[in-house]
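Trainee: Okay, here's the structure, questions in a sec.
None of the figures in this text is laboratory data; all of them are computed from the coordinates on show. The structure displayed is predicted, hence computed values, not measured ones. Virtual Cβ from ideal backbone geometry, glycine too; neighbours counted across all protein chains shown.
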Amino acid sequence: MNTIKKLFFLLLLLNFVPGNVFAAQISVSFDRNPVSLDESFQIIFTANDTPDNDPDFSPLEQDFEILGQSQSSNSSWINGQSSKTIQWTLNVMAKHPGSLIVPVVKFGDDVSQPANILVTQATANKAVDTDDDLFLEVDAAPQSPYVQSQVLYTVRLYRRVEIAQAGLNEPELSDAVIEKLGDDSNYNTQINGVNYLVTERKYSIFPQKSGSLTIKPLMLTAEVVANTRPNFNGFFNSQMTKTKKISSKSVTLDVKPAPATFTGRHWLSAEQLVLKEEWSGDNQQMKVGEPLTRTLTLLAKGTTVGQLPELNVGKIDDRLKTYPDQPVLREQKKPEGLIAFREEKIAVIPSKAGFYKLPAIEIPWFNSQSQKMEIAKIPETTITALEAPGAQQAPVTPVAPAAVQQPKKAEESTPITTQPQQQNTWLWVAIFLASGWLATLAYFLIKRPVKKPVAEKNEQEIRLEDSVKSLKKACADNNAVAAKDALLAWGRQKYITRDGVYAASQSGTGAANAASLGAIAELSDARLRDEILHLNQVLYGKTTEPDLQWQGKKLFQAFVENKAREKIAVTDDDKLEPLYRL
């Protein structure tokens with residue numbers, strides 16, 4: 001009877017629980033934004049749980065024409081927790097240009113969030129020969145960027161024929177960092193009344209020097225399915241194809257140097273930048289000897305992770321012990337550009353009670369959208385350190401003289417003559433036990449094997465860090481000879497194993513020859529390789545005063561970015577899927 005009452009009471013409580021507590025969260029996204037009026041695009045509704053009912057997409061028909069829709073679901077089980085997502089993908093075209101709102105869509109009692117998309121006017125009378133069944137279009141924005149600023153390079157393949165297979169080469173530009181952004185997108189469009197299927201691919205390009213730079217034309221090789229009559233000589237008809245090659249136009253960038261109005265020591269160009277600070281506890285009530293972790297985070301849109309500067313560089317009070325972790329570096333590739341992330345964690349331990357000031361952190365950067373210099377800043381931080389609770393009892397320890405007076409009091413009140421003998425006996429026992437413990441400790445110290453691999457590993461890591469510091473200083477001083485020596489020292493430590501044998505690189509090239517700048521360049525990524533080869537040319541060319549002509553800033557930036565990419569190790573973008581599969 002009691003069980004029935006409990007169940008009834010539970011059901012009664014559930015009736016009073018608001019319905020939105022268990023509502024599914026439904027978000028809205030697009031495959032690209034903005035879009036043109038004559039292009040189809042996808043609106044994607046994603047629910048984190050099964051919604052109350054099927055969706056009603058009729059409110060969209062006011063501004064959008066729904067061409068088709070599909071549904072998919074995904075379930076996962078991670079660390080004992082189950083999760084489920086359901087997606088509805090609508091292929092639509094806008095009915096008019098402007099900033100359009102995707103309205104709230106009802107899924108029974110559940111509803112989606114509204115979202116905005118920018119629809120631009122259709123391109124009229126596009127300069128395209130509509131007799132072409134297949135052609136490439138490329139564009140870059142902006143075409144007059146500042147050095148190391150992001151340029152969005154877009155490739156579009158237009159086709160109205162079936163393709164069995166296709167291959168497209170990558171964009172090439174000397175003195176630039178090039179990154180592919182996300183997956184290819186597919187949509188339909190009309191050009192001069194002719195329908196085309198479009199496959200779009202985007203890249204981020206960061207030119208590393210000013211001047212006129214030209215992106216070479218892209219070349220597409222495609223196997224186009226030919227419309228042929230059936231062959232009745234065979235039981236099955238094989239698909240007939242013909243090879244077709246097409247190329248794009250070249251694109252020239254007019255790259256501008258950093259403006260003279262930029263007064264920061266480290267040139268950093270980005271579209272957006274956020275700098276923030278977090279503490280693991282209350283920094284106004286720190287305890288002496290107890291650590292708190294300070295987390296510094298820098299998030300920038302439209303730049304590479306190698307361009308982000310160090311954050312924890314200010315001088316701190318010597319009474320504060322600081323222990324920084326290795327920085328966390330990440331890059332995220334979005335259709336609208338690259339997003340770079342840097343995080344530094346520092347354990348702070350005060351050694352004495354008092355008030356301390358941490359210096360302000362200022363990151364000057366150039367806003368490529370407003371074309372102005374800005375400063376991201378964390379103001380000066382004041383922390384308060386208090387004595388630990390146990391520390392106040394420490395002065396009580398000198399009360400020991402009271403214990404010295406006890407024997408006198410004991411002699412007056414208790415005439416026991418055996419106490420000195422007991423004290424002597426315990427003294428000799430303690431000496432005997434201590435001697436045995438020391439002998440055992442000495443034995444194990446003598447017999448314990450020396451862990452050479454660990455010592456050698458630690459020593460190797462220390463030497464590796466020292467060589468990086470030397471390289472940083474040499475590049476800051478524009479000392480080409482010192483930079484060469486530091487690079488060679490770094491190469492020897494980087495590719496050496498515990499046994500003193502040089503390891504082989506991933507490409508299969510033995511690193512045993514990493515005793516020259518050319519060999520180290522072969523083991524580096526494209527940008528660092530170019531900078532090392534440039535240093536090699538400066539040192540061993542015909543110039544007699546290399547230090548006066550060589551600038552080390554680019555080399556160290558490429559070196560830092562090379563290390564960051566090794567840590568990121570994103571393998572998904574190593575191989576690009578063929579265009580015809582998407």
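Trainee: Taking amide hydrogens as modeled 1.01 Å from N in the peptide plane, which residues meet the under 5 Å criterion relative to residue 215, leaving out close sequence neighbours?
Mentor: Residues meeting the criterion, in which the H sits 1.01 Å from N, are 251, 252, 253.
Trainee: Based on the mean of other Cβ atoms within 10 Å per residue, sort peptides 468-480, 257-269 so the most packed one is first. Show your work: numbers first, answer last.
Mentor: On the way: 468-480: 17.6, 257-269: 13.6.
Top of the packing list down: 468-480, 257-269.
Trainee: On to the next question. I'd like to know how the stretch 134-257 sits against the 2.2 N^0.38 Å rule of thumb: what's its Cα Rg over that expected value? Working shown, then result.
Mentor: Values: Rg = 18.4 Å, N = 124, 2.2 N^0.38 = 13.7 Å.
With N residues counted in the stretch 134-257, Rg over 2.2 N^0.38 Å equals 1.34.
Trainee: Less than 14 Å Cβ to Cβ from residue 50, Lys/Arg counted +1 and Asp/Glu -1: what total charge do the surrounding residues give?
Mentor: Details: positive: 84; negative: 49, 52, 54, 109, 110.
Net charge around residue 50: -4.
Trainee: As a test of understanding, state the convex hull volume per residue of the stretch 171-231 from its alpha carbons, in Å³.
Mentor: Roughly 159 Å³ of hull volume per residue.
Trainee: Count the net charge of all other residues whose Cβ sits under 9 Å from the Cβ of residue 337, scoring Lys and Arg as +1 and Asp and Glu as -1. Please report the intermediate quantities before stating the final value.
Mentor: Numbers: positive: 202, 301, 333, 334; negative: 271, 336.
That sum, taken over residues with Cβ under 9 Å, equals +2.
Trainee: Considering only Cα-Cα distances, which of the following residue pairs are longer than 30 Å: 249/563; 216/563; 357/484; 372/469; 216/473; 202/256? Mind showing how you got there, number by number?
Mentor: On the way: 249/563 35 Å; 216/563 28 Å; 357/484 40 Å; 372/469 33 Å; 216/473 36 Å; 202/256 23 Å.
Table pairs above 30 Å Cα-Cα are 249/563; 357/484; 372/469; 216/473.
Trainee: Still on this structure, I have one more. May I ask you to derive the FRET efficiency for residue 485 and residue 121 from their Cβ-Cβ distance with R0 = 51 Å, giving the value to the nearest 0.05?
Mentor: On the way: r = 60 Å, r/R0 = 1.17.
The computed FRET efficiency comes out at 0.30.
Trainee: If Lys and Arg each add +1 and Asp and Glu each add -1, what is the summed charge of the other residues whose beta carbon sits under 14 Å from the beta carbon of residue 60?
Mentor: Numbers: positive: 95, 106; negative: 56, 61, 63, 65.
Net local charge, residue 60 excluded: -2.
Trainee: Another one. Straight-line reach from residue 554: which aspartates and glutamates have Cα under 15 Å away, leaving out those fewer than 8 places along the same chain?
Mentor: 175, 477, 525, 530, 531
Trainee: Which whole-number percentage describes the relative contact order of the stretch 21-120, with Cα contacts under 8 Å and a sequence gap of 6 or more? Provide the component values of the computation, followed by the final result.
Mentor: On the way: 230 pairs, mean separation 36.8, N = 100.
Rounded, it is 37 percent for the stretch 21-120.
Trainee: Cross-link partners among aspartates and glutamates for residue 287, C-alpha distance below 15 Å, same-chain residues fewer than 8 apart left out?
Mentor: Hits, sequence-local ones excluded: 387.
Trainee: Now for a separate question. Taking the Cα centre as origin and putting +1 on Lys and Arg beta-carbons and -1 on Asp and Glu beta-carbons, what dipole magnitude results for the stretch 269-389, to the nearest 20 debye?
Mentor: On the way: 16 positive and 17 negative charges, 18 e Å.
In total the dipole reaches around 80 debye.
Trainee: Which whole-percent values make up P(r) of the stretch 21-120 when all C-alpha to C-alpha distances are grouped in 5 Å steps starting at zero?
Mentor: The percentages, shortest bin first, are 3, 13, 23, 23, 16, 11, 7, 3, 1, 0.
Trainee: Applying the Karplus parametrisation 6.51 cos²θ - 1.76 cosθ + 1.60 with θ = phi - 60° to the phi angles of the stretch 253-267, what ³J(HN,Hα) value in whole Hz is obtained for each residue in order, glycine and proline being reported as x?
Mentor: 9, 9, 8, 8, x, 4, x, 5, 6, 7, 9, x, 6, 10, 6
Trainee: Going by how many other Cβ atoms sit within 10 Å of their own, how do 38, 54 line up, fewest first?
Mentor: 54, 38
Trainee: Could you list, bin by bin from short to long, the percent of Cα-Cα pairs of the stretch 272-400 in 10 Å steps?
Mentor: All Cα pairs considered, the percentages come to 11, 36, 26, 16, 7, 3, 1, 0.
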